[in-house]
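So the structure is just underneath, and the comments pick up after that.
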Amino acid sequence: MRRFASDRDFRAGFAAMLPVVIGIVPFGLVCGVGAAAAGASALGALGLSAIVFSGAAQILAVQLLAAGSPLAVIVLTCFVAGLRFLIYSAAMAPHLRPLPTRWQKGLAFLLTDQAFAASVRRFDAGGDPRGGGLFFLGGGFALWSSWQVTNIAGYFVGNLIPAAWSLDFAVPLCFIALVAPHFRTYPTITAALVSGFAVIAFAGLPMKLNLIVAGLIGIVAGTLADFTRDRWMPR
Amino acid sequence: MDATLKLWAVILIVGALNYLSRLSFIALFAHRQVPPLLGRAFRYVPAAMLTALIVPMVVTLPVAAVGPALPKIAAALLAGVVAFVTHSQVKTLGVGMVTLWVLQALAHRFG
């Protein structure tokens, strides 16, 4: 890391991520609390945050583990919830293509909702690909390291946070901050609305399977809406 | 299955699958054309999946009574407007949390 620490683009990426880092502090704490509540060891909690490195997957995993769900269901649910990484991957791919394979493989690990949102703007602004890669690395490093600190803090001292603060609510707020800015097109809004109603309608399904069902129905609804838009509102 | 073993199985399998999803178009299918239908469906994955994650955290499921969830629903809607307008995660978080605290205090006082 030392050879990057003095790089201008790396530092710019790191600095650009600091407001986002502040925003994910409560989320990281909640993940740490969840890991402790599920009976994970400190090493297990760190393994989750360091290797899985996805708040949504971690929360689902610890909740399903605590509920005693089978391994296959936990894996499937976390995988489907992580399908959005395919989109981020596809959107980042053209920007990372000029970089060496080694870099692509390393940067892919740091691809998160937040890193994607911050870096796509930087890449779209142009500049050399290496600078963009270092910017992404700086931001990803800021997120990953602060994610470990907040998760571990949540694991050890999260239970000291008063329940009246409703810290859990920071988690949906983080996702709202990610998704709401995209509610600009009719198919996107359709996908979200249908998915939101479906997740309630299928709440009776065991082991949070309503998440997968609702997500898939929402994707189909958004795609269908996209086709009807083509049909009725020719561009 | 032993709890520790199961936790590490989750960490390694989910970690590997998440990494493969992240790597997918950057390296694995970098030179492959995405079928048009799939490409179209892909666009709606984040909106559908994130909403499916958000809703159960705001409206406690299964829905027994709407009353107790009202402060969270109102705070989430206001936070959504803030996110839509400002694109700021910190402002969204701040407005959402403060709104929830105020509404919960009011509900506690007058509810």
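Apart from one condition, A:GLY23 fits all of (1) within 7 Å of chain B (Cβ to nearest Cβ); (2) open to solvent by 40 Å² or more (accessible area, probe 1.4 Å); the exception is (2).
For the stretch A:89-122, the candidate set comprises residues that are among the small types (Gly, Ala, Ser), farther than 18 Å from A:VAL20 by Cα and buried (at least 22 other Cβ atoms within 10 Å of the Cβ); within that set, the residue that is modelled with the highest pLDDT is A:ALA108.
The number of residues in the stretch B:16-46 that are under 15 Å from A:ALA90 (Cβ atoms), assigned to a helix (DSSP H, G or I) and within 7 Å of chain A (Cβ to nearest Cβ) comes to 12.
Considering the stretch A:159-168, and only residues there that are of a type in the set (A, V, I, L, M, F, W, C) and open to solvent by 60 Å² or more (accessible area, probe 1.4 Å), the residue that is farthest from the other protein chains (Cβ to nearest Cβ) turns out to be A:LEU160. The selection criterion, being open to solvent by less than 60 Å² (accessible area, probe 1.4 Å) and either of a type outside the set (S, T, N, Q) or within 30 Å of A:THR228 (Cα to Cα) (or both), does not hold for B:ALA3. Any residue in the stretch A:75-83 that is within 14 Å of A:THR150 (Cβ to Cβ) and buried (at least 20 other Cβ atoms within 10 Å of the Cβ)? The answer is no; no qualifying residue exists. When residues in the stretch A:123-144 are screened for being more than 18 Å from B:ARG22 (Cβ to Cβ) and open to solvent by 10 Å² or more (accessible area, probe 1.4 Å), 7 of them pass. Within the stretch A:207-235, the set of residues being open to solvent by 80 Å² or more (accessible area, probe 1.4 Å) and either in contact with a Phe, Trp or Tyr (Cβ under 8 Å, 6 or more places away or on another chain) or free of Cβ contacts under 8 Å to residues at least 60 places away in the same chain (or both) comprises A:VAL220, A:LEU224, A:PHE227, A:ARG231, A:TRP232, A:MET233, A:PRO234, A:ARG235.
Conditions tested, residue by residue: (1) touching a residue at least 24 places away in the same chain (Cβ under 8 Å); (2) over 26 Å from A:LEU18 (Cα atoms); (3) of a type in the set (Val, Ile, Thr).
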site	(1), (2), (3)
B:ALA41	no, yes, no
B:TYR44	no, yes, no
B:VAL58	no, yes, yes
B:VAL81	no, no, yes
B:GLY94	no, no, no
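Please go through the stretch A:29-51 and pick out each residue that is within 16 Å of A:SER146 (Cβ to Cβ) and open to solvent by less than 10 Å² (accessible area, probe 1.4 Å). Across the stretch A:29-51, the qualifying residues are A:CYS31, A:GLY32, A:ALA45, A:LEU48, A:SER49.
So which residues in the stretch A:106-149 are touching a Cys at 6+ places or on another chain (Cβ under 9 Å) and of a type outside the set (Phe, Trp, Tyr)? If you could, list the steps in order and put the result at the bottom.
Step one: list which residues in the stretch A:106-149 are touching a Cys at 6+ places or on another chain (Cβ under 9 Å), which gives A:113-114, A:147.
Correct list: A:ASP113, A:GLN114.
For the stretch A:169-206, a residue qualifies if it is in a helix (DSSP H, G or I), open to solvent by 70 Å² or more (accessible area, probe 1.4 Å) and more than 7 Å from chain B (Cβ to nearest Cβ), and the qualifying residues are A:TYR186, A:LEU193, A:PHE197, A:ALA201, A:PRO206. Considering (1) at positive phi; (2) within 7 Å of chain B (Cβ to nearest Cβ), the lone condition that A:PHE79 does not fulfil carries the number (1). Among the numbered conditions (1) closer than 30 Å to B:THR86 by Cβ; (2) over 18 Å from the mean Cα position of the chain (by Cα), the only one that A:GLY39 does not meet is (1).
Within the stretch A:53-76, the residues that satisfy the criterion of being within 16 Å of A:ASN210 (Cα to Cα) and at the interface with another protein chain (Cβ under 7 Å from one of its Cβ atoms) are A:ALA56, A:ALA57, A:ALA61, A:ILE74, A:VAL75. Here the helices (runs of 4 or more DSSP H) wholly within the stretch A:1-75 that include at least 3 residues being hydrophobic (A, V, I, L, M, F, W, C) and out of contact with any Pro (no Cβ under 9 Å at 6 or more places or on another chain) are A:8-37, A:42-47, A:55-66.
Are any residues in the stretch A:101-123 of a type in the set (Gly, Ala, Ser) and in contact (Cβ under 8 Å) with a residue 60 or more places away in the chain, and if so, which ones? Once the filter is applied, which keeps residues that are of a type in the set (Gly, Ala, Ser) and in contact (Cβ under 8 Å) with a residue 60 or more places away in the chain, the stretch A:101-123 yields A:ALA115, A:ALA117, A:ALA118, A:SER119.
The values are calculated or read from the model by the stated rules, or taken from the named source; none is laboratory data. The model shown is predicted, which means the values in this text are computed figures rather than measured ones. Methodologically, a virtual Cβ is constructed for each residue, glycine included, from the backbone with ideal geometry; neighbour enumeration extends over all protein chains shown. Each accessible area value is taken on the protein alone, full model and side chains, heavy atoms only, with ligands, DNA and RNA left out. Shrake-Rupley method; radii C 1.70, N 1.55, O 1.52, S 1.80 Å.
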